[in-house]
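Here the structure is laid out as structure tokens; the discussion comes afterwards.
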Amino acid sequence: MKWMIISAYALFVGLGALSILSRSQQTFEFTALRDLPANHRVLDSDLREPENAWALAPSLPQSSKYTGKYLDREVDAAAPVKLAYLKTRPAFKAAPNTELFPWLLNDGERRWLEVLDVGWRVDLCAETCPVMDAPVLALECTSPTSGRCVAVLQLTTCQRDKLLAYPNKNKLSLAVSKAELGDTK
Amino acid sequence: MLGTLIEKLSALLSKGAFVASFIPLLAFVAANFALLAVIHLPSRLWFLRHKTDAEFISAAVLAFLIAALIFATINTWLRELMEGRFWPARICGALIKGQRDRLQVLTDENRRLQRNVRGMRRAPRWTKDLKDARETYPKTADLVYNRDGPAGSLIRDLTERKKRGELIEPETLARAVDQLTSELRITPMSPELDADQVELNDIIRFSLMKNRSEFVRVFKQRQFNFPDDEIDPVAPTAMGNIAFSIRSYARSRYRVDIETFWTRLQKVMQGEPFYAVLQDAKVQLDFLVSLFWLSLVSTAAWLIALATLGYSLWLYLAIAIAGPLAVWTEYWLALQNYRGFADLMRSSVDMYRMRLLKELNLSEPSGSREEALLWDALLDRMAYGKDFYLSYRRSE
């Protein structure tokens, strides 16, 4: 009787362990709250917590592993944002007849990191605007959480020359000329 | 805050219920909710949201208090369940067979030791035989005692067994005595032969004590763990058999039916320091019974929950191993405690049964036979309602 009870218990524990093992193959992923373009710098506000209301002791990825990293592809709203999609640096290339121009975001402009996104178009203006309607290719920072950040702009040669010739570059500030708000499904 | 709450609630419950039910339940509820909060995020968030909600806390305290009162009420039933009552007949049958096998092993051991004790009655004669053989003359002059011969080897072996505290059967001792007697009769005395004779006498004395003490140990084990008579019913669990042993003791010694007279006996004992000791033992037993069931239910619940919804194999295996170990340890401790409690119950029958007779206004019996007849008569009258004459003690 004693051995029968021990055997039945061992069988139950074994079946439970197998069930947990098969279930633990399924990983919980954060999902995108909206459409995210390639090279998008991932923020906490872009991610939805995984659906795990009934899961006990699930192995959840930490959102800090996502934030400040760059997507290597577009991710649709509600689609999983896998860790494999994330890169430490954005990958971009200027279109023909254009040049990349890193616009350093000073302390007053860091808020743009939360607002701007890849594909948006911006102006650089003071009294006049030497750059208008320049596409943002990426928002790049030296580290995921702190450090210096730049908005990588794609400028035409003409825009670049105007910018370089502008006398009070320090007074120039960023302004959004066109925003890609995308579909939030 | 918790301290004040516990103080207020303890005033509502008896000391026994507070220690035996409230404290274990509080500990287990806290531990289980803590584990739930650690491994289940929505629950954790829910607890954090409600931790300062006065209405929620009041409702939780009220619910807990009701649960503690219900738990205190069912404690006796839970102990009876551990004693093997209310179980399905098929399971009971299989378990009773196991308990009968255990009893048989003890009975066989007891009989073997009883035989040994009887066999050891020859010990004084063995010592005398050895002495007589030593004093027998003439000896064979050119013979030298060989310590590696049959007698010497056997004595070396027995010495080793004595050092290890092993039980030595009288038959083996008789063989050693025969062999050494033969040697002593014909071999001239030498320091080796003298030493072996001294050693064998020591072994005989040791075996005498050892067989007696083992016999008493096994007899007590048999007596305190099972009903007296082999034809008495056997319970499906060890705890049930300890309970039966109390009934069997009172019945076989005094013909007292403890189930019928226990409540009345308690009334007689009230106010006595011994009764406080008995009550404390009962509270300890109830406490362990509570721990056993709470551990069992918690372990089962977590294993089922983790097997169906869990993702952590390590947590599951930790509970699968630690849970049954805790349950088994608590059952074992409860069993030990029950033995102590049973002994106190037996003692209370020994000490207070005459006072009960006095309380019932009956004359004290003049001897054990009269007492047995009196308790039988009382049982018939009180439990079965048989109507026959009982003379009362005249009030002084």
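None of the figures in this text is laboratory data; all of them are computed from the coordinates on show. Bear in mind that the values here come from a model prediction, so they are computed numbers and not experimental data. Cβ sites come from the backbone with ideal geometry, for glycine too, and all protein chains shown count toward neighbours.
Worth a mention:
- Trypsin sites (Lys or Arg not before Pro) restricted to DSSP loop in the stretch A:39-119 with at most 15 other C-beta within 10 Å: A:R73, A:K82, A:K93, A:R110, A:R111
- Ranked B:S290, B:S248, A:S59, criterion: other C-beta atoms within 10 Å, fewest first: A:S59, B:S248, B:S290
- The stretch B:293-365: relative contact order in percent, alpha carbon pairs under 8 Å with at least 6 residues between: 25 percent
- Counting only residues at least eight positions apart within a chain, or on another chain, the aspartates and glutamates with an alpha carbon under 19 Å from that of B:K139 are B:D129, B:D178, B:E183, B:E192, B:D194, B:D196.
- Maximal additional length on extending the B:E171-B:K128 stretch stands at 13.8 nm, based on 0.36 nm per residue less the C-alpha distance.
- Taking the C-alpha atoms only, the angle from helix B:368-382 to the longest principal axis of chain B is near 20 degrees.
- Violating pairs (Cα-Cα greater than 24 angstrom) within the set B:K210/B:K282; B:K267/B:K358; A:K65/A:K93: B:K210/B:K282; A:K65/A:K93
- In this structure, B:K139 and B:M209 have a Cβ-Cβ separation that, at R0 = 25 Å, corresponds to a calculated FRET efficiency of about 0.15.
- Listed from fewest to most Cβ neighbours within 10 Å, the set B:Y311, B:Y338 follows the order B:Y311, B:Y338.
- Across A:F12, A:F101, A:F28, mean-square fluctuation computed from a Gaussian network of chain A (C-alpha pairs under 10 Å connected) peaks at A:F12.
- Taking every alpha-carbon pair under 8 Å whose residues sit at least 6 apart, chain B reaches a relative contact order of 19 percent.
- Computed from Cα positions, the angle between helix B:41-50 and the longest principal axis of chain B comes to roughly 60 degrees.
- Most mobile listed residue (B:Q99, B:Q223, B:Q270) in chain B, GNM with C-alpha springs under 10 Å: B:Q270
- Alpha-carbon centroids, the stretch B:304-362 and the stretch A:132-155: separation in whole Å: 70 Å
- Förster-model FRET efficiency, 45 Å R0, A:N106 and A:C158, C-beta, rounded to 0.05: 0.95
- Modelled label positions at B:R164 and B:I91, each set 7 Å beyond Cα in the direction of Cβ, lie 4.1 nm from each other.
- The ranking of B:F244, B:F47, B:F71 by Cβ neighbour count inside 10 Å, starting from the fewest, reads B:F47, B:F71, B:F244.
- The label point for B:D380 and the one for A:S177, both projected 7 Å from the Cα toward the Cβ, are 11.8 nm apart.
- Within the straight-line cut-off of under 15 Å between alpha carbons, the aspartates and glutamates reachable from A:K2 are B:D101, sequence neighbours fewer than 8 places apart in one chain being disregarded.
- Rounded to the nearest 0.05, the FRET efficiency derived from the C-beta distance between B:R217 and B:Q336 at R0 = 25 Å is 0.95.
- Per-residue ellipticity at 222 nm, computed for chain B from helices alone with -39500 (n - 2.57) per DSSP H run of at least four residues, works out to -26500 deg cm²/dmol.
- Mean shadow area of the stretch B:293-396, taken as a quarter of the surface of its Cα convex hull (nm²): 11.1 nm²
- For the residues of A:17-23, the average number of beta carbons from a partner chain within 10 Å of their own beta carbon is 5.
- Distance between the modelled labels on B:A59 and B:S368, one decimal in nanometres: 6.6 nm (7 Å Cα→Cβ projection).
- Around B:R251: net Lys/Arg minus Asp/Glu count, Cβ-Cβ under 13 Å: -2
- Stokes-Einstein translational diffusion, the stretch B:169-233 - Kirkwood Rh over all Cα pairs, 1.567 mPa s, 4 °C, in µm²/s: 89 µm²/s
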